[in-house]
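Here's the structure, in structure tokens; my notes come after.
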Amino acid sequence: MQADILRKKFLDFFQSKKHKIVESDSLVPADDPTVLFTPAGMNQFKKEFLGFDSGFSRAATAQRCLRTDDLDKVGKTSYHHTFFEMLGNFSFGDYFKKEAISYAFEFLTQELKIDKEKLWVSVYKEDDEAYQIWKDLIKIPESKIIKLGDKENFWPSEAKAKGPNGPCGPCSEIFFDQGSNIGCKKSDCTPACDCGRFVEVWNLVFTQYLRSDGGILKSLPKKNIDTGMGLERLAAVIQGVKNNFETDLFQPLVKEIISAAVQSPNLVTVYAIADHIRAITFAIYDGVLPSNEERGYVIRKLIRRSCLHLRALGVKKPYLYKLVPVVADIMKEPYPELLSRKENISEIILAEEKSFISTIESSPSLFKEKFKDIFKKQDQEKAGFIAFQLYDTYGIPFELTKNWADQNGIQLSFDRFNKELEEQKSRSKHKSAMKGEVFKLKDLHLGKKETRFQGYLKLKTKAKVLKIIKDNLAVKKISKGEGAEIILDKTVLYAEAGGQVGDTGEIIKGKNIFKISNTQKADKVILHLGEVIDGAFKEGDEVLVFVNTRRRLSIARNHTATHLLQAALRKALGVHVQQQGSWVGVDRLRFDFTHFKDITKDELLRIEEIVNDYILNNHPLAVQEMPLSKAKKSGALAFFAEKYAGEVRVVSIGDFSKELCGGTHLDSTGQIGIFRIIEERSVASGIRRIEATTGNFAYKMIKEEEGTINEISSLLNTSNDKIIQELGKKISRLKELEKELNVKKFNTFKSSLDSLVQGATDIKGIKVIAREIENMDMDLLRKSVDLIKENITTAVIALGSTSKGKAILVMGVTDDLCQRGMDASKLIRDVAKIIGGSGGGRKDFAQAGGDKPQNLAKGFEELKNTIQNT
């Protein structure tokens with residue numbers, strides 16, 4: 001039975017049990033700072049577990065998850081993964097142990113036809129209720145029910161003694177027995193043994209307690225069910241294989257990797273690559289781009305590990321990116337959008353692969369740079385630390401560093417490397433572990449279900465004050481000068497969401513005024529943040545709510561313009577363009593999108609022109625509400641990192657733009673007025689950013705540019721239409737004068753050539769000329785070095801100058817010294833560092849630049865010391 005069928009059977013089964021089927025959350029959990037990635041199915045239901053009414057009390061999901069706690073075990077065991085799908089059913093104060101156990105057993109034995117004789121279960125040692133249900137209701141033999149302790153069968157593990165605070169409870173696990181010929185083969189083997197004979201299939205968590213400080217457990221008034229079953233493990237059981245990597249979820253990847261291997265493939269390595277590409281693909285799909293920080297660092301690390309694994313298979317060119325279409329094909333049933341984004345994801349991975357492979361191939365020069373002090377003075381501990389830094393920063397494995405170190409007579413301390421590595425792993429686990437309380441309680445103290453938003457059609461409305469929150473506590477009344485958050489039964493102010501800033505405005509009751517400085521959202525409750533300007537407000541007050549209309553209109557111009565911009569980008573650059581993020585403010589907008597090369601000036605002008613054409617044509621906007629599935633089928637573009645409800649809002653403009661969007665918009669494109677691009681740049685590998693402005697702000701920008709042009713024309717004493725022509729004349733004349741000046745400077749230098757040569761410092765038979773010369777550019781310095789080399793032998797020449805606040809430096813080595821092994825490109829490196837820059841070149845000539853021109857004299861001294869010690 002294929003994994004796609006298993007997933008569907010699970011969801012269909014629980015739908016028949018009156019569970020709401022909830023779409024998988026993103027790998028990047030929204031509003032949950034306790035974890036880097038979504039680690040389990042329950043994470044998106046934290047508020048429901050604490051009693052928040054979302055309109056359903058039963059749910060089931062197939063949640064995509066990512067964990068890196070056991071990264072080193074991936075590929076080595078049959079069941080460890082970074083990315084996996086967790087099938088789960090949940091009850092929020094509805095059913096409890098009896099139903100949860102019964103549903104699980106029914107699904108496994110009746111729907112999937114697993115032989116019940118193959119099933120064993122574990123229960124928490126103090127959970128007599130679960131034990132009795134398994135024994136008396138389900139009829140599992142007592143010999144197949146084992147009792148385990150706090151570490152194995154309590155969630156969170158050992159929470160009673162170690163925390164964290166919050167909901168917790170015992171759990172019961174269901175195991176599949178692969179047979180006595182597997183594992184330790186002992187007659188008394190049970191699921192308590194970790195020999196591999198028993199596969200943990202399903203974990204049922206009975207959340208019945210609330211833990212507080214001191215390990216005190218109190219019974220929850222409403223008890224919950226949280227279950228998790230790995231699809232990969234279930235597929236292995238149903239498909240009759242002993243290893244998850246032998247299932248249809250992995251086999252196409254495994255075969256593809258083996259076919260690409262140059263050397264005899266090691267399956268552990270192949271499996272690790274197959275695992276990692278799934279995690280990498282879905283992380284990028286959910287908006288995580290490779291970087292050196294937090295989530296991005298995890299993905300960059302997985303890409304680099306995969307590249308090293310591929311090198312172990314003899315694949316030394318970029319290859320990982322080629323596996324993305326294979327992942328997309330395997331996962332097309334639950335994630336059809338992946339097919340349309342596979343090229344974008346592949347390009348991002350390819351760019352990372354190229355960068356890392358370049359680092360690996362240039363590692364000898366990097367090693368020389370990093371270990372230069374160790375060459376002078378051996379230090380095993382420091383060398384081990386440098387080896388760790390190379391691994392942590394560049395992804396260079398210890399073995400590669402050690403091999404180079406051995407060849408160059410440098411001893412590394414593996415103990416120091418390992419110590420730093422373990423500390424780094426500990427830091428990483430601390431970051432990914434749950435912090436503080438299991439659930440974030442702040443939002444749930446609001447005690448209100450939903451604020452009705454009327455701001456799409458109205459700019460003011462009557463409302464009632466439901467709650468006032470000051471310093472995170474509910475208060476009955478606030479007076480002049482006090483800041484607070486006010487919850488109303490309805491509002492016209494848009495709360496910050498989807499990249500759009502929150503509205504400002506006022507709440508008024510007679511002469512009492514509450515000035516709203518921002519509007520935010522906690523789930524479906526809208527919070528009006530501000531201060532009482534005059535009078536007082538209390539719970540139950542009937543009030544009038546006004547949005548700042550002028551500000552709202554500016555935001556709407558920018559938001560509608562982002563939709564036009566995306567349409568223009570797709571028209572000018574291609575349909576590969578996908579939104580990667582956006583920000584919509586009052587004075588400007590920002591739009592991030594996928595594109596894998598620089599955008600030319602002509603392309604940028606074309607994009608701006610297309611947007612302004614859309615504005616001039618004054619296209620009306622059409623807004624419809626429809627089911628998410630219908631919206632996607634209609635071709636509406638969705639931002640992948642946004643989580644959408646079952647019913648969505650679709651904003652259409654003409655026949656060129658259709659997007660899922662909950663933001664505030666104009667009635668027609670003509671209301672934007674003008675669109676101007678402020679800046680375009682790269683923000684990450686394969687990701688570009690455009691910042692732009694509209695309306696009055698764009699007009700102001702145009703007037704400022706016009707003023708600048710008028711000022712230039714006045715300085716040039718010409719009309720605006722002749723500025724370019726006049727500037728051309730001035731620049732040509734300036735170049736002529738510079739050329740004449742350079743000729744004079746060079747002639748002056750020639751006249752002082754004899755004194756320069758005679759003033760050379762003799763160091764071990766080598767003539768060293770090191771001088772700073774005023775007002776020389778790089779070209780003149782080069783010519784000067786060549787001239788000196790024509791008139792001298794056995795010499796090193798270093799000439800420097802200051803240009804536009806920067807140090808410039810050239811260095812020449814005569815041919816006879818080059819033949820003796822002296823190298824200008826090496827000599828210049830240390831000097832370049834002293835002047836705050838870097839340099840390079842050939843053996844006979846090199847050049848450098850830096851931002852510390854005041855250090856030129858020190859650099860020349862360093863050069864002389866280097867030659868003295870050579």
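Just a few scattered comments:
- Checked against (1) outside any strand (DSSP E or B); (2) open to solvent by 60 Å² or more (accessible area, probe 1.4 Å); (3) over 19 Å from residue 46 (Cβ atoms), residue 94 passes all but condition (3).
- Pairing residues of region 371-389 that are within 13 Å of residue 419 (Cβ to Cβ) with residues that are open to solvent by 90 Å² or more (accessible area, probe 1.4 Å) and not in a helix (DSSP H, G or I), at Cβ distances under 7 Å and at least 6 apart in sequence or on separate chains, gives 380/411.
- The combined condition, being assigned to a helix (DSSP H, G or I), among the aliphatic types (A, V, I, L, M) and within 30 Å of residue 594 (Cα to Cα), is fulfilled by residue 253.
- Those strands (runs of 3 or more DSSP E) lying entirely in region 145-228 with at least 3 residues aliphatic (A, V, I, L, M) and open to solvent by less than 50 Å² (accessible area, probe 1.4 Å): 145-148, 198-212
- Pairs where the first residue, in region 749-766, is in a loop (DSSP other than H, G, I, E, B) and the second is open to solvent by 30 Å² or more (accessible area, probe 1.4 Å), C-beta under 7 Å, 6+ apart: 760/767; 764/868
- Leading residue by the ranking (farthest from residue 35 (Cα to Cα)) among those in region 290-338 that are out of contact with any Lys or Arg (no Cβ under 9 Å at 6 or more places or on another chain) and assigned to a loop (DSSP other than H, G, I, E, B): 314
- Any hit, region 542-555, residues being open to solvent by 60 Å² or more (accessible area, probe 1.4 Å), of a type in the set (S, T, N, Q) and modelled with pLDDT of 95 or more: yes
- Any hit, region 566-573, residues being surrounded by fewer than 20 Cβ atoms within 10 Å (Cβ to Cβ), at pLDDT below 95 and assigned to a strand (DSSP E or B): no
- From the options 465, 492, residue that is hydrophobic (A, V, I, L, M, F, W, C) and within 23 Å of residue 555 (Cα to Cα): 492
- Whichever residue in region 132-148 is touching a Phe, Trp or Tyr at 6+ places or on another chain (Cβ under 8 Å) and not basic (Lys, Arg) and, among such residues, is nearest to residue 170 (Cα to Cα): 148
- For region 1-31, filtered to residues that are open to solvent by less than 20 Å² (accessible area, probe 1.4 Å) and of a type in the set (D, E, K, R), the residue that is farthest from the chain's Cα centre (by Cα) is 7.
- If you go through region 678-695 and keep only what is at pLDDT 95 or above and either in a loop (DSSP other than H, G, I, E, B) or more than 26 Å from the chain's Cα centre (by Cα) (or both), you end up with 693, 694, 695.
- The number of residues in region 369-380 being within 34 Å of the chain's Cα centre (by Cα) and assigned to a helix (DSSP H, G or I) comes to 2.
- Test: residue 450 is of a type in the set (Asp, Glu) and either open to solvent by less than 60 Å² (accessible area, probe 1.4 Å) or modelled with pLDDT of 95 or more (or both): no
- Within region 611-639, the residues that satisfy the criterion of being outside any strand (DSSP E or B) and surrounded by fewer than 16 Cβ atoms within 10 Å (Cβ to Cβ) are 613, 616, 617, 618, 629, 630, 633, 634, 635.
Conditions tested, residue by residue: (1) at pLDDT 95 or above; (2) among the hydrophobic types (A, V, I, L, M, F, W, C); (3) within 30 Å of residue 115 (Cβ to Cβ).
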{"site": "156", "(1), (2), (3)": "no, no, no"}
{"site": "162", "(1), (2), (3)": "no, no, no"}
{"site": "176", "(1), (2), (3)": "yes, yes, yes"}
{"site": "180", "(1), (2), (3)": "no, no, yes"}
{"site": "206", "(1), (2), (3)": "yes, yes, yes"}
{"site": "212", "(1), (2), (3)": "no, no, no"}
{"site": "225", "(1), (2), (3)": "yes, yes, yes"}
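- For region 454-474, the tally of residues that are in contact (Cβ under 8 Å) with a residue 24 or more places away in the chain and open to solvent by 60 Å² or more (accessible area, probe 1.4 Å) stands at 8.
- Members of region 256-282 found to be open to solvent by 10 Å² or more (accessible area, probe 1.4 Å) and part of a helix (DSSP H, G or I), listed by number: 256, 258, 259, 260, 267, 268, 269, 271
- Tabulated pairs, region 819-835, first more than 11 Å from residue 866 (Cα to Cα), second among the aromatic types (Phe, Trp, Tyr) and surrounded by fewer than 21 Cβ atoms within 10 Å (Cβ to Cβ), C-beta under 8 angstrom, 6+ apart or interchain: 824/845
- Leading residue by the ranking (nearest to residue 69 (Cα to Cα)) among those in region 83-102 that are in contact with a Gly (Cβ under 9 Å, 6 or more places away or on another chain) and aromatic (Phe, Trp, Tyr): 84
- Region 674-698 - residue that is closer than 23 Å to residue 621 by Cα and either without any contact (Cβ under 8 Å) to a residue 40 or more places away in the chain or among the polar types (S, T, N, Q) (or both) and, of those, surrounded by the fewest Cβ atoms within 10 Å (Cβ to Cβ): 696
- Comparison of 645, 631, 622, 636 shows that the only residue that is within 18 Å of residue 569 (Cβ to Cβ) and not basic (Lys, Arg) is 636.
- Residue 815 satisfies every condition listed in (1) closer than 14 Å to residue 843 by Cα; (2) open to solvent by 80 Å² or more (accessible area, probe 1.4 Å); (3) in contact with a strand residue (DSSP E or B) (Cβ under 7 Å, 6 or more places away or on another chain) except (3).
- Being in contact with a Lys or Arg (Cβ under 6 Å, 6 or more places away or on another chain) and aliphatic (A, V, I, L, M) holds for only one residue in 253, 210, 249, 267, and it is 210.
- Any chance residue 139 is modelled with pLDDT of 95 or more, out of contact with any helix residue (DSSP H, G or I) (no Cβ under 8 Å at 6 or more places or on another chain) and either more than 23 Å from residue 84 (Cβ to Cβ) or open to solvent by 20 Å² or more (accessible area, probe 1.4 Å) (or both): yes
- Matching residues in region 118-144 - criterion: being closer than 17 Å to residue 179 by Cβ, part of a helix (DSSP H, G or I) and in contact (Cβ under 8 Å) with a residue 12 or more places away in the chain: 118, 144
- Test: residue in region 662-673 that is among the charged types (D, E, K, R) and free of Cβ contacts under 8 Å to residues at least 40 places away in the same chain: no
- All positions within region 342-375 that are open to solvent by less than 20 Å² (accessible area, probe 1.4 Å), over 19 Å from residue 296 (Cα atoms) and not hydroxyl-bearing (Ser, Thr, Tyr): 360, 367, 371, 374
The values are calculated or read from the model by the stated rules, or taken from the named source; none is laboratory data. These numbers were taken from a predicted model, which means no experiment stands behind them. Cβ: placed from backbone, ideal geometry, glycine included. Neighbour counts: every protein chain shown. Areas reflect the complete protein model, heavy atoms only, side chains present, ligands, DNA and RNA absent. Shrake-Rupley method; radii C 1.70, N 1.55, O 1.52, S 1.80 Å.
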